[in-house]
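The values are calculated or read from the model by the stated rules, or taken from the named source; none is laboratory data. Computed from a predicted model, the values in this text were never measured in an experiment. A quick note on method: Cβ atoms are made from the backbone with ideal geometry, for glycine too, and the neighbour counts reach across all protein chains shown.
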Amino acid sequence: MSPRLPSQRPRQGRAEWWTATPPALRGAALLLVGIGAMILVIGLMGDSIGVWESSPFLTNLLSSLTGFCFAVPVAIIVLHRVSTYQMDHQQWRTLSGLASDLSHRMSALAMGLRVNSTLSDHEAASDAFWAAHSETVVAIKDWLDALNVSDQRLTSGLEQVITQGDRCIRAWNACWKSPLDVGGSLVEIRMRWNTLIGDVEPRLREIGRPLFPTPELHLQMEEALEWVGAGSPSGLFDSSVSPLTWIDEARSVLARIREKRSSPFSSSGPLVEGIRQLEQALSSSAEEHDRYEYLAEVTSRLRSVVDAAVTDPQRLSS
């Protein structure tokens, strides 16, 4: 048996209609019912002794007043319930529209980190990056393995490292946008997520129509933002968390390697230090690539969940 969807408030019985009515209205209703009960008792007592036989106008007046005292409390409760439903429905339409706009923009920003707008072109660029990345890692390993073995192998291997390193950087630039553009987009995604989860979702929960009935997607989104360095609720980008500067580091290291490639080879010299720094930068590039892909995946899933909630017939008719 599937669980009840939390997108709707459960059907309210008569008792719940009463408890949902504001205390002031409940007090007024009880007062009127009390007055009506008193008039009813007086009227019945008067009937038993024939008081009203000579006073038809007063009889009709008291009868009408009795009906009024019992009818108005019912009307109060029903009208309050109808007005509450109308306000909730209007609020749902407004907030769900805002949630849809926010989620679509977040997904577009995450996808916009890619240089290529079409998935096939992006996948081709991504494959090219991984190929260049793998060959650069192999070239670095071969060069480090050749230390203290053959200067000729080290010389040719160093040129291979430089060539493959440059190729890896070009492949990355064909796959992802510049660190400056990426940083700006991540801050914007963070701010929109703050609005969605800190303002829109709590107000939807108040009317019994949350977008995220389980915390799973919420946690995944927070994880993705934290992973790319946008985990701060303030929206400030933390460059110490995400290696967004690996490209600058790799370029700088390759420039130093070019300057020092005529230096004597040694296991502790500047060339080895530079090669190991390049190796670390490549490790950062692989991690960064996975982070951006994960962010795009989660924001796309977020957009789908919000769209499904907004267009759910049960929510629209509830």
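What about Val74, is it modelled with pLDDT of 80 or more and either surrounded by 14 or more Cβ atoms within 10 Å (Cβ to Cβ) or assigned to a helix (DSSP H, G or I) (or both)? Taking the combined requirement at face value, the residue does not satisfy it.
Just one of the listed residues (Thr163, Thr136) is touching a helix residue (DSSP H, G or I) at 6+ places or on another chain (Cβ under 7 Å) and either in a helix (DSSP H, G or I) or crowded, with 18+ Cβ neighbours inside 10 Å (or both), namely Thr136.
With respect to Phe57, determine if the residue is surrounded by 14 or more Cβ atoms within 10 Å (Cβ to Cβ), among the aromatic types (Phe, Trp, Tyr), out of contact with any Asp or Glu (no Cβ under 7 Å at 6 or more places or on another chain) and outside the structural domain of Val200 (by TED's automatic domain parsing). When the stated conditions are applied, Phe57 does not pass them.
Would you say Gln91 is more than 31 Å from the chain's Cα centre (by Cα) and polar (S, T, N, Q)? No: the conditions fail for Gln91. The numbered conditions (1) modelled with pLDDT under 75; (2) over 30 Å from Pro210 (Cα atoms) are all true for Gly36 except (1).
Given the structure, is Gly97 over 30 Å from Tyr292 (Cα atoms) and within 46 Å of the chain's Cα centre (by Cα)? So Gly97 fails the test.
Residue-by-condition table, conditions (1) at pLDDT 80 or above; (2) of a type outside the set (Phe, Trp, Tyr):
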position	(1), (2)
Glu226	yes, yes
Phe237	no, no
Pro243	no, yes
Trp246	yes, no
Val253	yes, yes
Ser262	no, yes
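Does Trp172 meet the test of being touching a His at 6+ places or on another chain (Cβ under 9 Å) and assigned by TED's automatic domain parsing to the domain that holds Met221? In short, yes. Taken over the stretch 166-183, the criterion of being of a type in the set (Lys, Arg) and not in a loop (DSSP other than H, G, I, E, B) is satisfied by Arg167, Arg170.
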